[in-house]
Amino acid sequence: MIDTKHEIIFHPEKCVGCGLCYKACFVDVIRWDEESKKPVFKYVEDCEHCFYCESVCKKGAIEVRPNYASESLLQTFDRYR
Amino acid sequence: MNTQVKHTTLSTDVLIAGGGVGGLTAAISIKEHAPDVEVLIVEKQTTGYGGKANKGGGVLQYFDLNKIKPEDFVKYHVNVIGAFLGDQELMAKYVAMNNHMLDKLTEWGARLPKNPDGSYSVIPTGPLTAMIGVDLDITIKLRRTAEKLGVKIIDKVAISDLLTKDGKIAGATGFSLLDGTFYEIAAKSVVMATGSQNYRIGSMWGSGRGDGIAAVYRAGAELRNVEFGNFAQLVRVKSHNEVVFGENNMYNAKGEHITKNFLKQREPDISSLAIREWYFAMTNGTGPVHLKFDAPGGEEGAPLSKVWDRPYGQEFWRLNHERAKDVDTDLEVCPMLIGEQSPIKVGHDMQSTIPGLYAIGDASYCGSAAPGAVPAPPGRNRGSGILNAVFAGISCAESAANHAKSAPQPETDKAQVEKSMKRIYAPLERESGCTAKDVIRKVQSAVGPMEYSVYIHADRIDKALNIVLEAKELVPTMKAVDYHDLLSCHEAEAMVLSAELHYRASAMRKESRGWFLREDYPEMDNKNWLKWIIAKNVDGEMTFTTEDVPYQKWAVQPVI
């Protein structure tokens, strides 16, 4: 998927700086800020809505809101473009 | 070069590119076999978290070896899935190693469900096969085991090019996604565990972008079965969540069960014939297609909810289903291209045609010839994706370790390193140009439509190839804005290569076989096409030859 419009909602007050979300992101959407010990959601347009970052966050600091319509199935029939 | 980056030089006995389940298995197995051999994993994301094993189905194929023999499964697979193009000996080895692999994974920390009597808790999927759900922290557990054994790991570094010396492997180059640092790594053995080509279409398949395959191709190693890189799966049209085993229950808008006519038995997984039926429905005005599980003849597939009942995977799947429930208001389905081109040609020890260069797991499943005429992993052999990676990781260990022990300290070729460095950073050097996504979008528009990829015809192959060649023209003009984008440029180039290889080989194979389905050549042609297509880069030229499948030496014989 490219140029998706998924949203990642981050609650910094719940974040304990464990870094698991950064590690979990397999498409380099999330980077890590060493100073603040918090994730930076730098390339959200590359998010694949895998929910992996959200599922490893034990503190509920991340919520992925998928925009399914922004993903294309690339079929030639209008309803699936 | 204007781009200023740090230059890091490293040396190791064995370099493993890719820290997914295959790379970790190879690393652990090499250390178990030869504790003194240095092993370094370099992963472009994070070892133990990247790859596909921890975000896919999380199922392991199970064979009750007390009841069935490996040759029983081979016979079934050759006839139903592999269509006489598979290496039957290698497939038999995979089946025979099944229980050993499950025990090894458990020993390495993976959580496999067990019954009170200590046996594995399995879910039957057919007369010969069953599945075991593995928790999705499998790769994290394997990373811990690897580190305990002394395996070194570098994350967020992408391997870009392979280095050779006198025709043998000598190491690799790469760059850091975080600060661009150039890595020059001398290695006696290199194991590519870099995944398959999935063209960045399906969500959970997004890590397979073919850059490892492209590096191997550029280095001059042979590829095999490149035309089997067109796997597709049924998905819900709104959420794009996959519907496993859905093909048995496909109905058109007139309420007709469109997949019952070719279903001689419950299909082991999606068949390209089901995708053809979907295409017919959409073009003859009887679409769209819905799944019906409650209609006569309809029956829900395996009780998958039980397979997901694992502490780590449960939360992952709960989120996937919960977020989609508002959009998935019906069971309308359509196919989505997954790809799964896995073509690095290897022998039974997973060594490629370049001495000292190995390829395992998703990088070489079709290249190993084990699955035959089907894109894999797992292809139509559910639960074989993770276990094939484990099988290949174990299978390469002794040879990769021995090669490293016997090879002299490698010297990298300065001219090769310079050339690679220039190639790697070229998109950052350009003042202007197209984006990586311009190229990817074009390739996706060629491979995505089912009539261009799965149900094909000479005319449509030509059209798709022309689109790919337009994308190829753009490759030397790609402009990257940072190191994240630089990786996208390399991945885009790899997608163009994979698609060109796919279409050129598809045009050659003038028959239908297994998954491979041509409208203009609908029959399997055992007289002319019991052959593998071999692709190779010869001095910059893409060349194709054929190799006879040595079926005479195996048990299951085709009718000629």
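Each value in this text was obtained by applying a stated rule to the coordinates, not by laboratory testing. Since this is a predicted model, take the numbers as computed values, not measurements. Don't worry about glycine lacking a Cβ; one is built from the backbone with ideal geometry, like all the others, and counts go over all protein chains shown.
A Förster distance of 51 Å, applied to the separation of the beta-carbon atoms of B:S406 and B:N66, puts the FRET efficiency at 0.80. With the helix formula -39500 (n - 2.57) applied to DSSP H stretches of n ≥ 4, chain B reaches a computed 222 nm mean residue ellipticity of -10500 deg cm²/dmol. Cross-link partners of B:K260 among lysines, defined as those whose alpha carbon lies under 16 angstrom from its own and excluding same-chain residues fewer than eight positions apart: B:K292.
Listed by chain and number, the lysines whose C-alpha is less than 17 Å from the C-alpha of B:K69, apart from same-chain residues fewer than 8 away, are B:K93.
For the protein assembly as shown, what does the alpha-carbon gyration tensor say about shape, rounded, prolate or oblate, given a ≥ b ≥ c as the root eigenvalues, a/c under 1.5 as rounded, and a/b over b/c as prolate?
Values: a/c = 1.24, a/b = 1.17, b/c = 1.06.
Here the protein assembly as shown falls in the rounded category.
With r defined as the distance between the Cβ atoms of A:S70 and A:S36 and R0 fixed at 25 Å, what FRET efficiency is calculated, to the nearest 0.05? Provide the component values of the computation, followed by the final result.
Values: r = 29 Å, r/R0 = 1.17.
My answer for the efficiency is 0.30.
Are any of the pairs B:K44/B:K148; B:K156/B:K419; B:K52/B:K152; B:K31/B:K152 more than 19 Å apart by Cα-Cα distance, and if so, which? Too far apart for the 19 Å limit: B:K44/B:K148; B:K156/B:K419; B:K52/B:K152. Label zone (A:V16, point 7 Å along Cα-to-C-beta; backbone nitrogen cut-off 14 Å) within region A:36-76: A:56-62. Over region B:415-528, Cα pairs under 8 Å with separation of 6+ residues give a relative contact order of 32 percent. The alpha carbon centroids of region B:60-82 and region B:384-415 are separated by 28 Å. As a length-normalised measure over Cα pairs under 8 Å and 6 or more apart, the relative contact order of region B:45-102 settles at 39 percent.
Residue by residue along B:479-491, Cβ atoms of other protein chains within 10 Å of the local Cβ number 1 on average.
So for B:D13, B:D330, fewest C-beta neighbours within 10 Å to most, what's the order? Walk me through the numbers before you get to the answer.
Details: B:D13 22, B:D330 11.
So the ranking, lowest neighbour count to highest, is B:D330, B:D13.
When the Cα atoms of region B:151-256 are enclosed in a convex hull and the volume is divided per residue, what value in Å³ results?
Values: hull volume 17.1 nm³, N = 106.
Dividing the Cα hull volume of region B:151-256 by its residues yields 162 Å³.
The stretch between B:E523 and B:D326, if pulled fully straight at 0.36 nm per residue, gains 66.6 nm over its current Cα-Cα span. Over chain B, Cα pairs under 8 Å with separation of 6+ residues give a relative contact order of 21 percent. Within the straight-line cut-off of under 16 Å between alpha carbons, the aspartates and glutamates reachable from B:K114 are B:D64, B:D103, B:D135, B:D309, sequence neighbours fewer than 8 places apart in one chain being disregarded. Counting, for every residue in B:17-26, the Cβ atoms of other protein chains within 10 Å of its Cβ and taking the mean gives 0.
The Cys residues in chain A with no partner Cys Cβ within less than 4.7 Å of their Cβ are A:C15, A:C18, A:C25, A:C47, A:C50, A:C57.
Across all directions of projection, what mean area in square nanometres is found for the Cα convex hull of region A:7-69? Please list the in-between numbers first.
Numbers: hull surface 15.2 nm².
Hull-based average projected area comes out at 3.8 nm².
Counting Cβ atoms of other protein chains within 10 Å of each residue's Cβ and taking the mean over peptide A:51-58 gives 5.
Mind giving me the FRET efficiency for B:D539 and B:N115? R0 is 60 Å, r the Cβ-Cβ distance, nearest 0.05 is fine. Approximately 0.55, to the nearest 0.05. Averaging Cα coordinates gives a centre for region A:26-81 and one for region B:102-156; these two points are 27 Å apart. Modelled label positions at B:D166 and B:Q552, each set 7 Å beyond Cα in the direction of Cβ, lie 3.7 nm from each other. Per the Debye calculation on chain B with a single equal scatterer at every Cα and no solvent contribution, log₁₀ I(q)/I(0) for q = 0.05, 0.13 Å⁻¹ amounts to -0.19, -1.40.
From the cross-link list A:K58/B:K238; B:K531/B:K553; B:K345/B:K536, which pairs have alpha carbons spaced over 20 Å apart? Could the numbers behind the result be given before it?
Working: A:K58/B:K238 29 Å; B:K531/B:K553 15 Å; B:K345/B:K536 10 Å.
Beyond 20 Å between Cα atoms: A:K58/B:K238.
For B:V59, B:V157, B:V556, what's the fewest-to-most ordering of other Cβ within 10 Å of each Cβ?
The fewest-first ordering by Cβ neighbours comes to B:V556, B:V157, B:V59.
Only counting other Cβ atoms within 10 Å, I'd like B:E38, B:E398, A:E48, A:E13 sorted with the fewest neighbours first. The partial results should precede the final answer.
Numbers: B:E38 18, B:E398 14, A:E48 25, A:E13 7.
Fewest to most other Cβ atoms nearby, the residues stand as A:E13, B:E398, B:E38, A:E48.
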